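The structure under discussion appears below in the form of structure tokens.
The values are calculated or read from the model by the stated rules, or taken from the named source; none is laboratory data. Note that the structure is a prediction, hence the values are computed from the model and not measured. In this analysis, Cβ positions are derived from the backbone assuming ideal geometry, glycine residues included, and neighbour counts consider all displayed protein chains. With ligands, DNA and RNA removed, areas are computed over all heavy atoms of the protein, side chains included. Shrake-Rupley method; radii C 1.70, N 1.55, O 1.52, S 1.80 Å.
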Amino acid sequence: MRRSDGQERRPDIELHIEELVLEGFAPHEREHIAAAVELELARLLAERGAPALLARGGEIARLDGGAFQTAPRAKADSTGEQIAQAVYGGFDTKCR
């Protein structure tokens, strides 16, 4: 889509993650990790745009972001960023 000024318009995206399953993390870190995931996904979508799967619209019943490793005692922010990057990468995998 093009805007009136001729620039490409990015589609509006509403992303709802009903459940994020994380094993091996302390319960008190959940909210902080979730906030970091949200911030990083917003950054990725703003910088890289919507993956084709999201741009087409619709629902995704389940998305496997794969596995990743964190360093022992990793901060919740860096863990959340890794999770968001895995989820964002999972959209491309789902498209294939």
Is it fair to say PHE68 is open to solvent by 50 Å² or more (accessible area, probe 1.4 Å), of a type in the set (Phe, Trp, Tyr), at negative phi and modelled with pLDDT under 80?
yes
For residues that are surrounded by 14 or more Cβ atoms within 10 Å (Cβ to Cβ) and of a type outside the set (A, V, I, L, M, F, W, C), scanning just the stretch 44-65, find the one that is modelled with the highest pLDDT.
GLY49
Out of everything in the stretch 71-96 that is of a type in the set (A, V, I, L, M) and either exposed (fewer than 12 other Cβ atoms within 10 Å of the Cβ) or assigned to a helix (DSSP H, G or I) (or both), what residue ends up being modelled with the lowest pLDDT?
ALA71
